[in-house]
Amino acid sequence: MGRKIGSIMQKASTTFFYFFILLGFLSAHGQVSFEAKASKNKLGLNERLRIDFEMNENGDNFNPPDFNGFLIVSGPQQSVSRSWVNGVQSFSKTYTYFLTPKKKGKIVLGQAEVNINGEVYKTSPLEIEITSAVEKPNDPNNLDYIIDDNIHLIAEISKTNPYLNEGITITYKLYFRNPISISDVQELESPSYGDFWSHIIKMGRAEINMRGSYKGEPYNEVIWRKAVLYPQKTGELTLEPLTLNLSLNIPSNKKDLFGRRILTQAQKMITTGKNTIRVKELPKKNKPDDFSGAVGQFDFDVILNKNALKATESFQAKIKVKGKGNLKLFNLPSINVPNTLEVYEPEHNENIKITASGMQGDIEDNYTIVPKYQGKYPIPPIKFSFFNPETASYKTLNSQDLLVDVFDGPQAGGLKINSIASENKQVIEASDNTFRFIKLKTKLIPIDDKLFWLSNLFWIMLIIPLLILIITYFLKLYIFEKTEDISNTRQRKAQKLARKYLSSARREFHDQVSFYEALERALHNYLKAKLKIETTELSKSKIKSLLLDKNVKNQTALDYVSVIENCELARYAQGSSVNIQGDYEKASSLIATIDKQL
């Protein structure tokens with residue numbers, strides 16, 4: 001009896017053991033998980049982000065979020081893994097995307113969706129913080145590490161510790177070498193020169209120098225931009241970075257039928273990083289009192305177009321500075337002449353050429369001077385001071401003594417003007433008739449005794465303002481109603497214009513690629529027609545700048561560029577989700593809005 005009871009209890013315990021194992025197995029398989037994982041939650045503008053959407057059950061109808069603020073470099077890449085551990089099966093399915101950010105700030109990635117066993121599962125939103133471009137991006141998810149070793153962007157600065165108002169040159173150079181080739185370049189972040197007077201040197205089309213050198217090694221060199229800067233304040237000044245988005249072609253390990261390597265495309269954001277300029281103050285020792293801020297190497301002269309003339313004729317006195325330096329950033333000294341010469345405001349002329357070495361040329365002030373009486377008039381010497389940064393010293397230049405002889409003209413009532421060149425003085429002897437032009441007898445008229453408030457003038461002055469107020473009120477009502485009618489007419493015209501340009505896209509609703517090609521073409525054609533420009537190439541950055549120049553609101557310009565980006569994404573990444581009707585309506589609304597704002 002005891003043996004039978006023991007056997008029954010042993011069988012019962014074994015049954016419960018297997019039951020709990022089966023219950024755990026079913027429990028483990030009953031919990032469905034669907035998660036979004038980011039390789040990092042904070043990255044620079046020139047780094048890449050990897051997003052994995054991972055599920056533990058096989059799902060269908062995967063729908064990614066809208067990657068607003070990001071550019072899809074590659075994806076989705078699908079991977080599936082199965083494993084058995086101690087008789088327990090595990091399953092994992094992952095969709096992977098590689099992204100690059102398009103702007104700085106905090107960007108929220110929305111929810112992805114998938115259908116698992118007839119139910120819809122969603123991921124939690126992810127918040128990603130995008131900072132300024134980092135100098136050395138450290139991204140383990142880069143598609144090809146060879147990019148970092150074979151492409152560089154630098155900013156060459158001619159002088160990092162100049163004096164105040166001393167010119168410096170900054171040259172932005174892009175270096176690359178085999179096996180990398182560049183198919184397209186877009187400028188994402190342009191440097192600002194807030195504490196400098198700046199001038200961008202026009203260079204035309206960028207050319208590749210096959211014999212460039214970077215750190216002693218041969219590279220292909222492209223000079224992207226040159227700028228001439230004149231610091232306007234002292235201390236440490238920061239130059240913001242230049243950031244470029246590069247479309248690269250890199251040979252892969254695959255070959256075509258002819259044995260040639262197949263090129264793969266990749267995106268790379270590269271930056272110069274921030275640069276610091278330490279600006280020195282001009283020395284206070286031996287600083288001339290008449291120093292007006294000229295820095296450089298200059299010549300100075302005062303030139304008269306004639307030194308002998310008749311009274312009431314005119315002559316020109318030219319104050320001219322020639323040389324190399326901050327010619328646009330200081331004032332010329334003023335001319336000083338006797339009071340009996342009438343001097344007009346000067347005409348300022350500049351003949352300045354700005355090259356990579358800075359400003360050079362000449363500036364001048366032309367004074368027109370008219371003498372009233374005959375005599376000999378001295379033009380006192382004029383001083384001009386400047387600071388020479390090469391010798392770190394001030395220099396003062398003096399014009400020569402000049403004399404103007406005015407003959408055959410009236411005398412100023414016995415005025416005798418003697419020229420004393422050595423002392424630059426005028427000795428004037430006045431006769432008794434000097435002030436004969438002053439009238440000593442006056443004619444006074446008595447005031448009428450009639451009260452003003454009973455006069456006709458009083459009532460006219462009282463009634464006229466009231467009439468003006470009444471007329472203004474009715475004019476305002478009329479103009480307001482007319483403006484409202486004009487606004488409605490303009491709105492109808494804008495909507496008609498939108499339908500005109502988007503008609504070709506509407507006919508292609510059935511074909512995604514054809515629709516977005518027609519939509520993108522319509523958006524470009526509208527801008528060309530509206531802004532009256534003739535160009536075969538309109539980049540997104542150029543479109544934004546053109547709209548902002550025409551006083552279109554910033555958000556409207558950003559939305560317009562966003563629709564164009566959606567067109568490009570739908571054309572080249574056909575697996576991505578699109579909303580044809582929504583994009584069409586948004587484009588129509590934007591054209592109407594821009595037309596009204598223009």
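The values are calculated or read from the model by the stated rules, or taken from the named source; none is laboratory data. Computed from a predicted structure; not experimentally measured. Note that each Cβ is placed from the backbone with ideal geometry, even for glycine, and that neighbours are counted across all protein chains shown.
Overview of values
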read-out: Filter result for Pro283 (under 30 Å from Lys159 (Cα atoms), in contact with a Lys or Arg (Cβ under 9 Å, 6 or more places away or on another chain) and at pLDDT 90 or above); value: no
read-out: Residue in the stretch 358-374 that is of a type in the set (S, T, N, Q), within 21 Å of Gln297 (Cα to Cα), modelled with pLDDT of 90 or more and part of a strand (DSSP E or B) present; value: yes
read-out: Residues (over 30 Å from Ser545 (Cβ atoms), assigned to a loop (DSSP other than H, G, I, E, B) and without any contact (Cβ under 8 Å) to a residue 12 or more places away in the chain) located in the stretch 159-216; value: Lys159, Lys215, Gly216
read-out: Residue within the stretch 73-90 that is crowded, with 17+ Cβ neighbours inside 10 Å and at pLDDT 85 or above present; value: no
read-out: Residues satisfying the stated conditions in the stretch 383-405, i.e. more than 29 Å from Asn161 (Cβ to Cβ), outside any strand (DSSP E or B) and either in contact with a Phe, Trp or Tyr (Cβ under 8 Å, 6 or more places away or on another chain) or among the aromatic types (Phe, Trp, Tyr) (or both); value: Ser399
read-out: Single residue of Ile363, Ile379 found to be crowded, with 18+ Cβ neighbours inside 10 Å and either more than 36 Å from the chain's Cα centre (by Cα) or not assigned by TED's automatic domain parsing to the domain that holds Leu403 (or both); value: Ile379
read-out: Residue ID - farthest from the chain's Cα centre (by Cα), chosen from residues in the stretch 345-357 that are under 19 Å from Asn165 (Cα atoms) and not in a strand (DSSP E or B); value: Ser357
read-out: Residue match in the stretch 137-158 (condition: exposed (fewer than 15 other Cβ atoms within 10 Å of the Cβ), in contact with a Leu (Cβ under 8 Å, 6 or more places away or on another chain) and either assigned to a strand (DSSP E or B) or modelled with pLDDT under 90 (or both)); value: no
read-out: Where a residue in the stretch 350-379 is closer than 30 Å to Ala227 by Cβ and in contact (Cβ under 8 Å) with a residue 24 or more places away in the chain and its partner, wherever it lies, is part of a strand (DSSP E or B) and among the small types (Gly, Ala, Ser), with Cβ under 6 Å and at least six apart; value: Ile352/Gly361
read-out: Listing of strands (runs of 3 or more DSSP E) fully contained in the stretch 217-306 that carry 1 or more residues being of a type in the set (Lys, Arg); value: 217-231, 243-255, 261-271, 275-279
